[in-house]
1. Mind listing just one residue for me: the one in the range B:253-298 that is among the small types (Gly, Ala, Ser) and either closer than 22 Å to residue B:93 by Cα or in contact with a His (Cβ under 7 Å, 6 or more places away or on another chain) (or both) and, of those, farthest from the other protein chains (Cβ to nearest Cβ)?
2. Please indicate, with yes or no, whether at least one residue in the range A:244-253 is modelled with pLDDT of 95 or more and within 17 Å of the chain's Cα centre (by Cα).
3. Take the residues in the range B:205-228 that are at the interface with chain A (Cβ under 10 Å from one of its Cβ atoms) and within 20 Å of residue B:268 (Cα to Cα); name whichever of them is most open to solvent (accessible area, probe 1.4 Å).
4. Among the residues of the range A:264-273, is there at least one that is more than 15 Å from residue A:131 (Cβ to Cβ) and at pLDDT 95 or above?
5. Just one of A:252, A:218 is out of contact with any Asp or Glu (no Cβ under 8 Å at 6 or more places or on another chain) and among the aliphatic types (A, V, I, L, M); which is it?
6. Quick check: anything in the range A:109-119 within 20 Å of residue A:183 (Cα to Cα) and either open to solvent by less than 60 Å² (accessible area, probe 1.4 Å) or not in a helix (DSSP H, G or I) (or both)?
7. Among the residues of the range A:248-292, write down those that are farther than 27 Å from residue A:115 by Cα and facing chain B (nearest Cβ under 7 Å).
8. In the range A:242-275, how many are in a helix (DSSP H, G or I) and either farther than 20 Å from residue B:276 by Cα or open to solvent by 10 Å² or more (accessible area, probe 1.4 Å) (or both)?
Amino acid sequence: MGIVDMGTPKAATKSDLEDLRDPAYLKIRDMIYQLSGIYQPEEKLYLLASRCARRMSVVKAKTPAEYLEHLTVRGNREAELRLLLNEITIGETYMFRSLPQLEALRNVILPQLIQAKNAMGFKRLHLWSAGCSTGEEPYTLAMLLLEESEKLLRGWTFDILATDLNDNSLAGAKAGIYGEYALRNTTELLRRKYFKPYDEKRLQATDQLKSLIRFDRVNLNDDAKMIFLKGVDVIFCCNVLIYFDLASKRKVVQHFYSNLLSGGYLFLGHAESLYQVDGRFHLVHFPGAIGYQRPPIGPTAGGQQ
Amino acid sequence: MNADRLEELRPRIRDLEAMPTIPTIIQPLASALMSPPEQVDLERVIELVSYDSTIAAQCLRVANSPLFGRQNTETVRSAVLALGLKRVETILLGFCLNRIVPPDKWVLDAVTFWRHSLGCALVSSKMAAAVGYPDPEKAYVAGLLHDLGILVNTLTCTQEFRKCIQAASNGQAALHQSEQEHLGFTHCQSGKILAEQWHFSADLIEVIEFHHDVVAAPAARTLVSLIHLSDLLCRLRHLGYGYYEAIGVNLAGDAAWAALGEEYPALASVDLARFTMDIDGAMDEIVATVDAVFKPQY
């Protein structure tokens with residue numbers, strides 16, 4: 001799971017700010033949005049500019065307009081876009097990174113799902129971390145669910161499917177060994193409950209935590225495998241689809257739609273959106289987060305607030 | 001609504017009129033803010049600012065804040081020019097309204113309240129522009145003043161209102177629902193009474209009364225819908241009432257969305273995810289402006 005990090009230190013200087021008036025940045029921004037769904041508001045263009053600057057020095061582009069050419073008309077434009085997206089989405093991640101999404105899951109979605117499923121006498125929850133990379137996301141979800149196991153989820157069973165395409169990432173995720181960086185947002189209490197010492201600097205997830213997660217290698221483009229994933233309540237797929245072209249993205253999102261139960265949710269990265277990808281999902285706002293809901297059966301959610 | 005409770009409140013709201021702190025310039029300011037920018041009289045605004053030394057000091061402080069590049073502005077005139085008319089008028093209006101609440105009486109703290117109000121003003125005018133609503137200025141003022149009733153409740157039933165907010169915060173619930181439960185009326189109804197006393201325009205009064213119940217708005221449903229959606233968006237982007245509201249809202253499924261879309265079909269093509277992220281970008285300025293004006297200085 002890569003994470004879009006548009007909130008890192010403001011390094012913009014006065015000259016950068018003047019540079020930002022260059023309309024080429026807006027064009028690059030809009031192009032990235034159309035191709036990947038990742039968006040930066042104008043006030044955050046300086047962050048995009050600093051990411052572009054790194055690539056510009058590599059390809060020796062002198063102006064943003066010249067770099068725009070690398071992204072649009074040069075023969076290697078697809079590769080260049082990918083490299084730029086790599087700069088924008090920082091590979092490293094940590095537990096409890098997307099707090100507003102996790103709060104929405106615990107405070108809004110779980111109560112909603114529990115109410116709906118209780119009515120059917122079906123006390124089981126399935127979460128899926130699609131593109132789980134080295135496992136920070138599924139372990140975070142596992143801790144969140146376990147913390148609710150004596151409260152909201154008393155009497156419920158739950159599990160998490162964690163998939164990735166990369167075997168090395170998956171092996172790392174299965175081992176569940178993390179250093180200070182990955183655990184920076186994890187409270188002391190949670191560390192003590194769900195981790196054990198591994199070596200001097202690292203902790204390892206306990207068997208209890210691991211037992212909630214099923215790791216598997218899945219290519220999201222693999223129709224044969226995707227068709228058989230059913231009954232999922234919530235999918236987290238952060239900054240994975242940005243690397244897909246529109247046609248494959250549409251196909252994957254259609255699969256997600258079928259993978260989800262009615263009323264289930266899909267979460268993307270926090271600067272990512274399903275722009276022109278699938279109109280069947282309902283866009284739902286939570287405090288500080290946006291999710292995509294497969295419409296529930298019966299009266300639609302929403303209404304007066 | 002509990003009609004008796006609201007009737008009890010009426011004389012107390014009338015008494016507010018007698019408060020010496022009610023600035024007489026509120027009404028002219030609200031109408032000045034609503035006129036198109038090219039028709040605003042710069043000299044009149046400078047005069048209004050100079051009229052009150054505290055307000056003049058606030059304008060200078062904001063103009064000299066990091067947000068505006070610490071310009072070393074020394075005169076009211078240059079401060080007004082540096083800030084732009086829109087910001088000056090907003091600061092003026094906010095400051096006048098702010099003054100009717102004694103510092104020790106605030107229930108929602110002033111910074112939270114003004115971040116929400118100014119946020120709603122900005123989102124309303126952005127949304128107005130996005131759908132082609134012809135009067136973004138009016139949308140801005142309506143957004144700024146939609147929660148006037150919160151000030152009324154703060155002043156007329158401070159203790160009970162404190163309990164409302166506490167209960168709403170504990171239950172992660174909407175404020176107007178908590179008010180209904182604990183007070184028997186909401187800030188919509190109490191705000192309407194003061195807005196009428198202050199002779200606000202009819203559509204502004206409707207916004208104040210119906211922004212949580214769009215379908216009940218008799219005449220200005222489009223404007224009310226616009227404000228309703230902006231209010232929700234602010235509460236969903238960390239500019240609410242300062243506590244976590246456990247809500248998940250499909251805005252496109254909201255009655256206000258349908259009402260606004262009926263009048264302005266361009267709404268259907270608004271990319272809501274992108275619009276939301278643009279709002280986030282603009283929120284930094286809201287927060288900085290409000291903090292510069294209303295945060296206590298030590």
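1. From the range B:253-298, those among the small types (Gly, Ala, Ser) are B:253, B:255-256, B:258-259, B:261, B:266, B:268-269, B:273, B:281-282, B:288, B:292; that's our starting set.
Applying the additional criterion that residues be either closer than 22 Å to residue B:93 by Cα or in contact with a His (Cβ under 7 Å, 6 or more places away or on another chain) (or both) yields B:253, B:256, B:282, B:288, B:292.
Details: B:253: 3, B:256: 8, B:282: 6, B:288: 11, B:292: 17 Å.
The qualifying residue farthest from the other protein chains (Cβ to nearest Cβ) is B:292.
2. For the range A:244-253, residues modelled with pLDDT of 95 or more and within 17 Å of the chain's Cα centre (by Cα): present.
3. For the range B:205-228, the residue satisfying everything is B:215.
4. yes
5. None of the others qualify; the one that does is A:252.
6. So far as the range A:109-119 goes, no, none of its residues is within 20 Å of residue A:183 (Cα to Cα) and either open to solvent by less than 60 Å² (accessible area, probe 1.4 Å) or not in a helix (DSSP H, G or I) (or both).
7. Passing the criteria: A:271, A:273, A:275.
8. Filtering the range A:242-275 down to residues in a helix (DSSP H, G or I) leaves A:242-243, A:246-259.
This time we only want the ones that are either farther than 20 Å from residue B:276 by Cα or open to solvent by 10 Å² or more (accessible area, probe 1.4 Å) (or both), so: A:243, A:246-259.
Number satisfying all stated conditions: 15.
The values are calculated or read from the model by the stated rules, or taken from the named source; none is laboratory data. Treat the numbers as computed from the prediction; the structure is a model and nothing was measured. So basically every Cβ, Gly included, is an ideal-geometry build from the backbone, and we count neighbours across all protein chains shown. Keep in mind that these areas ignore ligands, DNA and RNA; they rest on the heavy atoms of the full protein, side chains included. Shrake-Rupley method; radii C 1.70, N 1.55, O 1.52, S 1.80 Å.
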